[in-house]
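Novice: I am attaching a structure below and will ask some questions about it afterwards.
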């Protein structure tokens, strides 16, 4: 029953976009201010609430879990594409800062992996 997941996602998205547009008007900005993020929060809260407990079990629950899991990567990808477009318009310094952040993040992956391994080894039997 993926349709319940889509229905819940749609309701959260519409509510989030309306609130984002209202925030934009209140702040005097000609843009949606955080509507997709607000929708994501609504989806997380709704999918974990007791009110929707009977919907989150069985086949309908699988649909809600699927769309809840898919929504966050989609939002991150949308935000990343907007950031790239803004960086290209921002000039060389903005692009350099973005590339440098990615390189540093990749360089820290092995360091964080070692920290994670040493932390899990300490939790063993004494």
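Novice: Calculate the FRET efficiency for residue 89 and residue 117 from the Cβ-Cβ distance with a Förster distance of 35 Å, rounded to the nearest 0.05.
Specialist: Here the calculated transfer efficiency is 0.25.
Novice: I want to check the label-to-label distance for residue 57 and residue 25. Put each point 7 Å from Cα in the C-beta direction and report it in nm to one decimal.
Specialist: Modelled inter-label distance: 4.1 nm.
Novice: Given 0.36 nm per residue, what is the gain on full extension from residue 75 to residue 7 after removing their alpha carbon distance, in nm?
Specialist: Going from the current span to full extension adds 22.7 nm.
The numbers here are math on the coordinates, done by the rules we state, and not lab data. In this text the structure is predicted, and so the values were computed from the model without any measurement. Using ideal geometry, Cβ is built from the backbone for each residue, glycine included, and neighbour counts are taken over all protein chains shown.
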